[in-house]
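To start, the structure itself, in structure tokens.
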Amino acid sequence: MKDINQQISVTLKALRQERGWSLDKAASETGVSKAMLGQIERGESSPTIATLWKIASGFQTSFSSFIEENEVDLTEPVRRAGQAQQLHPSDTKIRVMPLFPFDKELSFELFVIELLPGCEHLSPPHKHGVIEHVVVLKGKMEVLVNGHWQALDQGEGLRFNANQPHGYRNTTTKIACIHDIIHYPGKK
Ligand code: MN
């Protein structure tokens with residue numbers, strides 16, 4: 001948890017410096033207040049998943065780059081496993097982990113996400129051209145797309161344009177586990 005917050009703080013500072021953005025500029029691009037951005041940079045506050053998505057979208061960068069650096073060597077197989085984890089104290093019903101963090105060459109990231117019973121997580125729209133593929137590994141869940149909740153069973157997948165408000169929920173009494181592959185257009 002501490003490591004993630006530190007990674008978020010360092011990444012945000014580096015991105016802002018790289019872009020030459022003031023806190024005011026970053027606030028207007030991300031829709032996150034200047035005060036909150038400053039607190040996150042100083043490690044005084046940690047963003048919720050929804051806030052971190054606003055920051056990632058505003059900087060036109062991937063979500064997973066705030067969690068883990070990933071230098072990809074496409075010539076070698078990479079084997080990874082891991083446990084989805086709670087990123088913020090108030091995100092009590094959703095756990096996230098990048099199984100394959102953002103790949104600059106192939107422009108995608110793959111998350112393992114666990115939705116606990118009763119979870120309803122709404123995501124702000126991503127930039128135009130961002131596409132998500134949701135695949136249910138375990139349990140049942142629903143995805144909000146085009147204003148409708150679509151039910152997915154274990155083994156089913158759904159692909160959608162993510163430049164619209166969308167969401168993920170679990171109305172069952174058992175945990176649901178999904179893969180979410182997020183593809184970013186034209187990124188190198
Ligand atoms: Mn999303």
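The values are calculated or read from the model by the stated rules, or taken from the named source; none is laboratory data. In this text, all values refer to a predicted model and were calculated from it rather than measured experimentally. In this analysis, Cβ positions are derived from the backbone assuming ideal geometry, glycine residues included, and neighbour counts consider all displayed protein chains. Protein only, heavy atoms only, side chains kept; ligands, DNA and RNA dropped before computing areas. Shrake-Rupley method; radii C 1.70, N 1.55, O 1.52, S 1.80 Å.
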From the square roots a ≥ b ≥ c of the eigenvalues of the alpha-carbon gyration tensor of segment 4-67, which class results: rounded (a/c under 1.5), prolate (a/b over b/c), or oblate? rounded
Per residue, how much accessible surface does segment 98-188 expose to a 1.4 Å probe? Answer in Å², no decimals. 48 Å²
Mind jotting down the distance between the C-alpha centroids of segment 1-55 and segment 111-161, whole Å? 25 Å
Once the piece of chain linking residue 127 and residue 90 is laid out straight, how much longer is it, given 0.36 nm per residue of separation minus the C-alpha distance between them? 10.8 nm
Honestly the chain on the Cα gyration tensor test (a ≥ b ≥ c root eigenvalues; a/c under 1.5 rounded, otherwise a/b vs b/c for prolate or oblate) is just prolate
Rounded to the nearest 500, what is the chain's calculated 222 nm mean residue ellipticity when only DSSP H runs of at least 4 contribute -39500 (n - 2.57) each, over all residues? -7000 deg cm²/dmol
Loop trypsin sites (Lys or Arg not before Pro), segment 1-94, which have at most 14 other Cβ atoms in a 10 Å radius of their Cβ (DSSP): 42, 79, 80
Carbon/sulfur fraction of accessible area - the chain, other protein chains in place, 1.4 Å, %: 51 percent
Roughly what angle does helix 2-19 make with the longest principal axis of the chain, taking Cα atoms, 0 to 90 degrees, to the nearest 10? 60 degrees
Take the chain, mark every one of the GluC sites (Glu not before Pro) that falls in a DSSP loop and has at most 12 other Cβ within 10 Å, then report the longest stretch left between them, sites excluded. 106-188
For residue 6 and residue 164, calculate 0.36 nm times their separation in residues minus their Cα-Cα distance, and state this gained length in nm to one decimal. 53.9 nm
Taking Cα pairs closer than 8 Å and at least 6 residues apart, the relative contact order of the chain in percent is 19 percent
Too-long pairs where the Cα-Cα distance tops 18 Å, listed order kept, from 25/104; 34/54; 138/174; 25/54; 93/174; 34/93: 25/104; 34/93
Of all chymotrypsin sites (Phe, Trp or Tyr not before Pro) in segment 54-105, which ones are in loop regions per DSSP and have a Cβ with at most 16 other Cβ atoms within 10 Å? none
Cα-based helix-to-principal-axis angle, 49-58 vs the chain, degrees rounded to 10: 60 degrees
Residue 140/residue 104 FRET efficiency (R0 35 Å; Cβ-Cβ; nearest 0.05): 0.55
